[in-house]
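Heads up, the thing below is written out as structure tokens.
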Amino acid sequence: MERLDTFHPMHHSPKTKLKAGWAKVNITPRSRMPMAGYAPRNHFDTVHDSVYVRILAIDNGGIQCFMISADLLIFPPALKQKLLQQKNGERFLYFTATHAHSSLGAWDNSVIGNLILGSYNDQWLDSLADKIHTAMNVAAAQLTPATINYFEANADEYVENRIDPKQGSTDGTIRGLKILREDGSKGLLVSYSAHPTNIDHLSLALSGDYPAGLISRAEQKGYNFALFASGNIGSHRVKWMPEKEFVMCDSLAYKLYRTVQGAADVAIKDSSINTSIIHVNYAPSQLHILQRYKVRDWVFRILFRKLRGDIRYMKIGNIIFLGMPCDFSGEIFVRDGLGKLAESEGEKLFITSFNGDYVGYITDDRYYGHSEQEEIMAMNWVGPHYGTYFSQIIKKIIIKSK
């Protein structure tokens, strides 16, 4: 918090009009691989829909920013490190994921990672890093002047608080960017906060869940490129729908796309870009197995790794993007008025989860010590007070960002 008192992001003055470019990489393997997201599944049997890494490049002549979203459970820390070791020059990399629970595993080399996500495959990650780096160069090569519009719309009816469905707050706003390039091509960035957990946990069908359906629909309806980023997803799920599994995913994708199409948008007129990586400190881990018992920190480090996770900051015009190292809770976003605080400063706050680090769930502190739900017990690795801690960090970033 003391470091944030002197927070000064790197300012990149515009030398040109905003430009946009994009590319995507099909990461569906030719042979069977482990799956990630539920119980251990050492292979997929069928491919319901291919999975991708998608890249959106935005350039103002002073800096090139790349938003990289993977159709994976999280953006793998090992993959992030491989990409950062590449020669990126004057580029800022911003990572996120769709949080697909029926996608590929084999990307975490910890003890638990090998058990739950399948045996770590370093060769596959090396190949994937090379393909993404090549795709980034493709996106950069076709950067074209563009009008970039920010939009948001109410999609409350499709999401609910899964920790406290009756009284818990929800962030049901769908947010994004609509991009129109001078060559007539259109791009879409869209973010939502409902967990993609709509396919049976024992299914062996590879899929990107409803985000893949939403992207597919956008590309079928006139967008040349679309990218999904998980939003404030930490305590949210899709509200009950009569359809099941893949039919449900398609139905939700249709409804969300209809909402996106009806959303009013506002052009980003300021072409300045600010970037920063904000280091966050952590106390010893607090993984609980029962309400009164926790795993000691040295055991946690053996099973997982030491807690570490920065916040990636990217501001384009008046839109503040914060890439969080966690499942960040929409309940905190709403309860603490984080979006409203940004608006009072003339800005928009756009939070995404899974930035290439991972420290578990960041949820409302009032549940800690009272709830035995998975996101409070097994998946909250940081312990009490971190909802407030992250909220205070975000508030300070917003104020200092101005």
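The values are calculated or read from the model by the stated rules, or taken from the named source; none is laboratory data. The model shown is predicted, which means the values in this text are computed figures rather than measured ones. Because the Cβ atoms are built from the backbone with ideal geometry, glycine has one as well, and the counts that use them run over all protein chains shown. For the accessible areas, the whole protein counts, side chains as well, though only heavy atoms, and no ligand, DNA or RNA atoms are used. Shrake-Rupley method; radii C 1.70, N 1.55, O 1.52, S 1.80 Å.
Helical runs assigned H by DSSP (4 residues or longer) give the chain a calculated mean residue ellipticity at 222 nm of -7500 deg cm²/dmol, each run adding -39500 (n - 2.57) before division by the residue total.
When Rg and Dmax are taken over the Cα atoms of the chain, they come to 19.7, 61 Å.
Counting every C-alpha pair in region 206-314, the share spaced more than 22 angstrom apart comes to 60%.
Leaving out ligands, DNA and RNA, and with a 1.4 Å probe, what % of the accessible surface on region 106-161 is carbon or sulfur? Carbon and sulfur: 50 percent of the exposed surface of region 106-161. Normalised by 2.2 N^0.38 Å, with N the number of residues, the alpha-carbon radius of gyration of region 267-335 equals 1.57. A Cβ-based charge dipole, computed about the Cα centre of the chain with Lys and Arg at +1 and Asp and Glu at -1, lands at about 740 debye.
Mind checking the full-extension length gain between Lys400 and Ala283? Use 0.36 nm per residue of separation minus the Cα-Cα distance, one decimal, nm. Walk me through the numbers on the way to the answer.
Numbers: separation 117, 0.36 × 117 = 42.12 nm, distance 2.48 nm.
That pair, Lys400 and Ala283, stretches by 39.6 nm at full extension.
Share of carbon and sulfur in the accessible area of region 277-402 stands at 54%, probe radius 1.4 Å. Taking trypsin sites (Lys or Arg not before Pro) across region 116-183, the ones in a DSSP loop with at most 10 further Cβ atoms lying within 10 angstrom of their Cβ are Lys166.
Overall size of region 1-155 from C-alpha positions, given as principal axis extents largest first: 50, 40, 40 Å. Size of region 1-88: Rg and Dmax of its alpha carbons, in Å, are 18.2, 52. Considering all different alpha carbon pairs of region 186-233, the Kirkwood hydrodynamic radius works out to 11.7 Å. Stretching the chain fully between Ser344 and Arg301 yields a gain of 11.4 nm (0.36 nm per residue, less the alpha carbon separation). Legend: helices of the chain (whole DSSP H runs) are marked when their alpha-carbon atoms reach 20 angstrom or more along the helix axis and their mean Kyte-Doolittle hydropathy is at least -1.0; marked are 122-141, 245-262, 386-401.
Treating each Cα of region 69-182 as one equal point scatterer and applying the Debye formula with no solvent, the log10 of I(q)/I(0) at q = 0.21, 0.22 Å⁻¹ comes out as -1.16, -1.20. If only the Cβ of Lys and Arg carry +1 and only the Cβ of Asp and Glu carry -1, the dipole of region 235-275 around its Cα centre is close to 140 debye.
Surface analysis of the chain yields an accessible area of 41 Å² per residue, using protein heavy atoms and a 1.4 Å probe. Among the protein heavy atoms of region 184-242, carbon and sulfur supply 49% of the accessible surface, probe 1.4 Å, non-protein parts ignored.
Working note: Karplus 6.51/-1.76/1.60 with θ = phi - 60° gives region 19-35 the couplings 10, 9, x, 7, 6, 9, 10, 6, 9, 5, x, 7, 10, 5, 9, x, 10 Hz, where Gly and Pro are set to x. Just so you know, the averaged projected area of the alpha carbon convex hull for region 235-370 sits at 11.7 nm². For region 252-314, trypsin sites (Lys or Arg not before Pro) are listed when DSSP marks them as loop and at most 13 other Cβ atoms sit within 10 Å of their Cβ; the list is Lys269, Arg292, Arg296, Lys306.
Considering only the other residues whose Cβ falls under 14 Å of the Cβ of Arg175, what net charge follows from Lys and Arg at +1 and Asp and Glu at -1?
Working: positive: Lys178, Lys348; negative: Glu152, Asp156, Asp171, Asp265, Glu343, Glu347.
With Lys, Arg at +1 and Asp, Glu at -1, the neighbours total -4.
Largest first, the extents of the alpha carbon coordinates of region 306-402 on the three principal axes equal 41, 26, 16 Å.
Are any of the pairs Lys186/Lys244; Lys221/Lys395; Lys178/Lys402; Lys82/Lys239; Lys87/Lys348 more than 27 Å apart by Cα-Cα distance, and if so, which?
Lys186/Lys244; Lys221/Lys395; Lys82/Lys239; Lys87/Lys348
Near the amide H of Arg41, within less than 5 Å, lie the amide hydrogens of Met35, all on another chain or at least 5 residues away, with H placed in the peptide plane.
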